[in-house]
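Enquirer: Here it is, the structure in full.
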Amino acid sequence: METLTKENIHTITATDEQPVVIEHPLECEAPNDQIARETWTSNLKYAVVGILFGIVFVKAEIISWYRIQEMFRLHSFHMYGVIGTAVIVGMISVWLIKKFNVKTLQGEKVVFHTKEFHWGNVFGALLFGLGWAITGACPGPLFAQIGSGFLVVTVTLISAIAGTWVYGFLREKLPH
Amino acid sequence: MLEAIRQPWPWYVAGALIGLTVPALLLLGNKHFGISSSLRHICAACFPAKIPFFQYDWRREVWNLFFVGGVLIGGFVATQFLSNPEPIRVAEKTVEELQQLNIQTDSQLMPASIFSIENLLTLKGLVFFVIGGFLVGFGTRYAGGCTSGHSIMGLSTLQWPSLVATCCFMAGGFLMVHLIFPWLMQLF
């Protein structure tokens, strides 16, 4: 792509033999680091993970506006327990992957990135926190709420997409 | 078995399963867990408007859209086939405090007095859907991630900027619930 700058291009040593250049979107927290191209059908496995994830969201009532209110009012341990357990399980998994050099299904080395601090981690995070308490949802639960039949949340989702777009539009002018 | 699944799942079951999403995505295809990126890919795919931030090969990142599509279907499946017949149990103190703000606690996961179609074109709808959603989309992108990208993936890989972001997510939420809400709810 012609608009790519050096910032977008990560050289990763994904195989033991040779470094491979992968183009990422600028500052993407959830990049695709797989060297092999995904096809339409190979992407379906992520939909399956998403379905299971969405079921957990509903069954543990994480998508509930009340649970988020309880969390910010310190009246229930539920959400703290969910997030805390998820972090611990995630941490142990990452440690095991690194320790035993576990490869992906395609036999590629798992890639990790180091995040650089910028002031958006503070200002943006505060703004998201305000929105989280109003909507009772972070981006994941927004999708699950719509699936659960709260169709009005579609408006919230469209507004969130608009918010993301406005960030992209104003990005150069915002303090980072 | 089905009876047990229909009950609300305890935090340790949900937490463990959500935590396992991290290695699942990494091992299925070197994908990093982070949901707010999906909002950006939708912008890049539908209205990039020559903005540099949206100029990238979104097709390469399309797995994220498959993932959130799955989350939506999962929400449908859980609600249609596995839902708890009992009304939701909310902490008594929260019920009381919401009552003081004129928000009735009902049996569904979301209060009908706020999240109903009738409120769409009202001031309440503007605040809870439009402004709330905008803050979620703008804030997560500015922060470089959301609860999944920072709080779960970021903390799992011991990134200190993610710890800063997580603390600020919480601070923003506390600020809204304790300082802004009492004032805001007087508008309705």
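The values are calculated or read from the model by the stated rules, or taken from the named source; none is laboratory data. What you are looking at is a predicted structure, and each value in this text was computed from that prediction instead of being measured. Glycine also receives a Cβ, built like all others from the backbone with ideal geometry; neighbour counts cover every protein chain displayed. Heads up: the accessible areas ignore ligands, DNA and RNA and are worked out on the full protein's heavy atoms, side chains in. Shrake-Rupley method; radii C 1.70, N 1.55, O 1.52, S 1.80 Å.
Enquirer: Quick check for me: using +1 on Lys/Arg Cβ and -1 on Asp/Glu Cβ, what's the dipole size of segment B:1-83 about its Cα centre, in debye to the nearest 20?
Expert: That gives a dipole near 240 debye.
Enquirer: Give me the percent of the accessible area of segment B:114-188 that comes from carbon and sulfur atoms, probe 1.4 Å, all protein chains in place.
Expert: 78
Enquirer: With unit charges on the beta carbons (Lys and Arg positive, Asp and Glu negative) and the dipole taken about the Cα centre of the protein assembly as shown, which residue among B:Thr122, B:Ile5, A:Leu74 sits farthest to the positive side?
Expert: B:Ile5
Enquirer: A follow-up question, please. Helix A:153-170: angle to the longest alpha-carbon principal axis of chain A, degrees 0 to 90, nearest 10?
Expert: 50
Enquirer: Related question: Quick one: longest stretch of chain A between exposed loop GluC sites (Glu not before Pro), exposed meaning at most 12 other C-beta atoms within 10 Å and loop per DSSP?
Expert: Longest stretch, sites excluded: A:18-115.
Enquirer: Ignoring any ligand, DNA or RNA, what whole percent of the accessible area of segment B:1-78 comes from carbon and sulfur when the probe is 1.4 angstrom?
Expert: Within segment B:1-78, the accessible surface is 73 percent carbon and sulfur.
Enquirer: Let me ask another. Using a probe of 1.4 angstrom, how much of the accessible area of chain A is carbon and sulfur, in percent?
Expert: Here carbon and sulfur together make up 66 percent of the probe-accessible area.
Enquirer: With the other protein chains left in place, how much accessible area per residue, in square angstrom, belongs to segment B:1-105 at a 1.4 angstrom probe?
Expert: 46
Enquirer: What nm distance separates the two modelled labels at B:Cys46 and A:Phe169, each placed 7 Å from Cα along Cα→Cβ?
Expert: Placing both labels 7 Å along Cα→Cβ, they lie 1.5 nm apart.
Enquirer: Here's a follow-up. So if I average 1/r over every pair of distinct C-alpha atoms in segment B:114-188 and take the inverse, what Kirkwood radius in Å does that give?
Expert: 13.8
Enquirer: Could you compute how much accessible area chains A and B hide from each other, both sides summed, with a 1.4 Å probe? Nearest 100 Å² is fine.
Expert: 11700
Enquirer: To continue, here is another question. Across segment A:46-54, in residue order, what do the Karplus-derived ³J(HN,Hα) couplings come to in whole Hz, using 6.51 cos²θ - 1.76 cosθ + 1.60 with θ = phi - 60° and x for Gly and Pro?
Expert: So the J values, rounded to whole Hz, are 6, 5, 5, 4, x, 4, 4, 4, x.
Enquirer: Same structure, new question: Which longest run of chain A has no exposed loop site in it, a site being chymotrypsin sites (Phe, Trp or Tyr not before Pro) in a DSSP loop with at most 10 other beta carbons within 10 Å, and the site itself not part of the run?
Expert: Of all site-free stretches, the longest is A:101-176.
Enquirer: If you keep only loop residues by DSSP, which trypsin sites (Lys or Arg not before Pro) in segment B:80-188 have at most 16 other Cβ atoms within 10 Å of their Cβ?
Expert: Within segment B:80-188, the qualifying trypsin sites (Lys or Arg not before Pro) (loop, at most 16 other Cβ atoms within 10 Å) are B:Arg89.
Enquirer: Project the alpha carbons of segment B:1-145 onto their principal axes and report the range along each, largest first, in whole Å.
Expert: So the three principal-axis extents are 48, 44, 25 Å.
Enquirer: Running a GNM on chain B with Cα contacts under 10 Å, which residue among B:Leu39, B:Leu175, B:Leu101 ends up with the highest mean-square fluctuation?
Expert: Checking each option, the largest mean-square fluctuation is seen for B:Leu175.
Enquirer: Next question. May I ask for the equivalent-ellipsoid semi-axes of the protein assembly as shown, computed as the square root of five times each C-alpha gyration tensor eigenvalue and listed largest first in whole Å?
Expert: Working through the eigenvalues yields semi-axes of 32, 23, 18 Å.
Enquirer: Just grab the label-to-label distance for B:Val13 and B:Phe81, each label 7 Å out from Cα along the Cβ direction, in nm (one decimal).
Expert: Label-label distance for B:Val13 and B:Phe81, simple model: 1.7 nm.
Enquirer: A further question follows. Report the one residue of A:Ile35, A:Leu157, A:Val56 whose Cα lies farthest in the direction of the positive end of the charge dipole of chain A (charges on C-beta: Lys and Arg +1, Asp and Glu -1; origin at the Cα centre).
Expert: The residue sitting most towards the positive pole is A:Val56.
Enquirer: Work out from phi, with θ = phi - 60° and the Karplus expression 6.51 cos²θ - 1.76 cosθ + 1.60, the ³J(HN,Hα) of each residue of segment B:123-128, listed in order in whole Hz, and give x for Gly and Pro.
Expert: 4, 4, x, 4, 6, 6
Enquirer: Separation between the B:Asp106 and B:Ile180 pseudo-spin-labels, each 7 Å from Cα along Cα→Cβ, expressed in nm?
Expert: Going from the B:Asp106 label point to the B:Ile180 one covers 2.5 nm.
Enquirer: With r as the distance between the Cβ atoms of A:Leu74 and B:Ser113 and R0 = 22 Å, compute the FRET efficiency 1/(1 + (r/R0)^6) and round to 0.05. Working shown, then result.
Expert: Working: r = 23 Å, r/R0 = 1.06.
The formula returns an efficiency of 0.40 here.
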